[in-house]
Structure formats: C-alpha cells, structure tokens
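The values are calculated or read from the model by the stated rules, or taken from the named source; none is laboratory data. Computed from a prediction, not measured in an experiment: that's the story for all the values here. Glycine gets a Cβ as well: all are built from the backbone with ideal geometry, and neighbour counts include every protein chain shown. These accessible areas exclude ligands, DNA and RNA; they are computed on the full protein's heavy atoms, side chains included. Shrake-Rupley method; radii C 1.70, N 1.55, O 1.52, S 1.80 Å.
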Amino acid sequence: SIYFAATRKPSHERQEEHRRNSNKKNMDAFSSSLLLSSSQSAEVTTETLSWSLLFFSSIVMIFLSLPLFIYLVFPSLQVSGFRELFRHYILRTPDPDRSWADDEQFIQSYGKLYKTIHSVENQQRLQQSCEAAEVTHFLFLVHGVNGYALDLSYPEMMLKLWRDNKKMQLMEEEEAAAETKNNKKKRQRRQQHLVIHAATWNERKTKDGIIKGGKRLCEEMKQVIQQEMKKNKNKNITISMFGNSLGGLYCRYAIAEFNASPVMKDYDARWNVFLTTATPHLGCAKHTYFPIPRTAEIGLAHTMGETGKDL
C-alpha cells in the first residue's frame, strides 16, 4: 500500500495521459477511415476514367468505320462530295467515272464549246483530219510519286479541247477560202495532229526506282506511238514530254532510253518540247523546304524504297 501510494501519479497527470491516449486513438481511427475512403475514391475514379475512354474510343471507331461501311455496302450511294473525299483522302485513288464534262464550273466556262466539238458530225471531220495528217505530234503527260494518270486530267482535257477547237477553226478557214487559189499554206497547217496521252504504266509503282519507272514509261510511249501510227500512213512524228514532280525524272530517263530504240528511226521521230514542274532534278538531299538532319533524310528515303535512295 505504501509503495502504491508512493508510486501512484497524481490525479491531474492521470487525466492528462488518458486524454492524450484518447486523442491518439481518435486520430488513428480518422487516418484509417481517410485512407480507406481515398483508396475507394481512387478505384472509382480509375473505373470512371476507363469507361470514359472506352466510350470515346468506341465513338471514334464508329465515326471512322461508318464511311467505309457505307462505301462498301452501298457503292452506288451518291452522297454529295462524300465519295470523292473518301477516294482522295482515305483510299488515295481517283474516281475513274469522273469527267470534266460533268463539272459545273467547266460546263459554265466551256460547255458550249465542248458540245460543239463533240458533236457526231464534227467528230467525223476531226477523225478524217487525223488520218490525213502529214505530221503527228505526241505529248506525254507523266504523273508524280504515288500518282495516277487522272491527276493530270484537267490539263489533258484543256489541251484536247484547245486542239480540237484549233482544228475546227482551221477547217472553217479552209472551207471559206476554198474558192481561192492560194490555199496551200492553210492546207499545210491543217494537216497536223496532236496526240495527248497521260501515262498509266507507273500508277502506284513509283517506289521501285527511277530506272524501272523510266523504262516502263519508255515502253508505254513505244506502244502508244505504234498503235496511233497504224491509223496514219505518214511516219513523221514529234515527241513532247511533260512531267510533274517525279514524273519529270521518269521523262529524262525515258528520253535517253527512247533515243536508242528503233522506233526513233522507223518514224523519223524528233524531240519537240520538254517541260517539268516541281521536279527534283538535283535530288532531294539538302534541298528540302526546311533543313533537316542527314539521318532524317536517309530515314525518309527508306520509306520511298529505291526511288527514295535515288532522290
């Protein structure tokens, strides 16, 4: 009893210690509940975020696959501008059914002239003029990288329109001057024919190098010239080349290849016009729009196959 009485703490100290212990227990309980609630809220947030990402990704996939579904299931569906946009920006293929004669702006500007030239009567007259031509001019239009012949359909259409219109004017002048004796000059001018051909043999084959593309173009030129000259007894021809971008390099190689072919001598062929636009005659290395490291140029070249190495 004496020891207990001597060692027992005063009452106010015991109360203070009891209060501290109670506070500690309360704080531990609060911390535990706070950690539990935070972990539960984190789980809820993660789950909500996952469902949100899944929802938005599903919407994006539906949005991207819907045009493909419509295009494959309903190929004849004519939605204004839809098929053209899908072809050019997703499939990267031109519409073979497209004609400039159906273009509204073209019809407003050249519709009357187009209909006049393509009437049955005038087409027969133009065909007879082609067969009687003393000199045949060939113009080859060559597309660029990953391109199509239809990429140059507008200049091809306008050149053909100009050609036929010019022929019609000369024939009308000859008919008007038929009663005069001095008609020799007009006759010489009329007896010429211009063949405009957009090359097709390199369509979607522009990654196997300039040499192979140039050889394909040369073979196509030979075939076109031989088929066209079967309709004409005269063998005097001129050849002109127009190349856009990579097509200009194809033209250069095809010219060198064509000079060694027998077609050059068989038809007394002569070169006339050589024209290129946006053609990298000096290659692409150190000639980009903005400077890029050489390692990056090599990496980009590999994405274009042998053609990239040539450039």
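The table for this structure:
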read-out	value
Single unsatisfied condition, ASN232 versus (1) open to solvent by less than 20 Å² (accessible area, probe 1.4 Å); (2) in a loop (DSSP other than H, G, I, E, B); (3) more than 22 Å from GLU134 (Cα to Cα)	(3)
Positions within segment 131-156 being open to solvent by 10 Å² or more (accessible area, probe 1.4 Å), among the β-branched types (Val, Ile, Thr) and within 23 Å of ALA269 (Cβ to Cβ), in sequence order	VAL135
Single unsatisfied condition, TYR250 versus (1) in a loop (DSSP other than H, G, I, E, B); (2) of a type in the set (Ser, Thr, Tyr); (3) touching a residue at least 60 places away in the same chain (Cβ under 8 Å)	(1)
Residue ID - most open to solvent (accessible area, probe 1.4 Å), chosen from residues in segment 157-210 that are modelled with pLDDT under 80 and not in a helix (DSSP H, G or I)	LYS181
Filtered residues of segment 282-299 (kept if open to solvent by 80 Å² or more (accessible area, probe 1.4 Å) and polar (S, T, N, Q))	THR295
Residue list for segment 202-238, restricted to those being over 23 Å from the mean Cα position of the chain (by Cα) and either of a type in the set (Lys, Arg) or over 30 Å from GLN127 (Cβ atoms) (or both)	LYS222, LYS230, LYS231, LYS233, LYS235
Test: residue in segment 270-281 that is open to solvent by less than 20 Å² (accessible area, probe 1.4 Å) and either assigned to a loop (DSSP other than H, G, I, E, B) or out of contact with any Asp or Glu (no Cβ under 9 Å at 6 or more places or on another chain) (or both)	no
Any chance HIS302 is farther than 19 Å from LEU139 by Cα, open to solvent by 80 Å² or more (accessible area, probe 1.4 Å) and touching a Lys or Arg at 6+ places or on another chain (Cβ under 9 Å)	yes
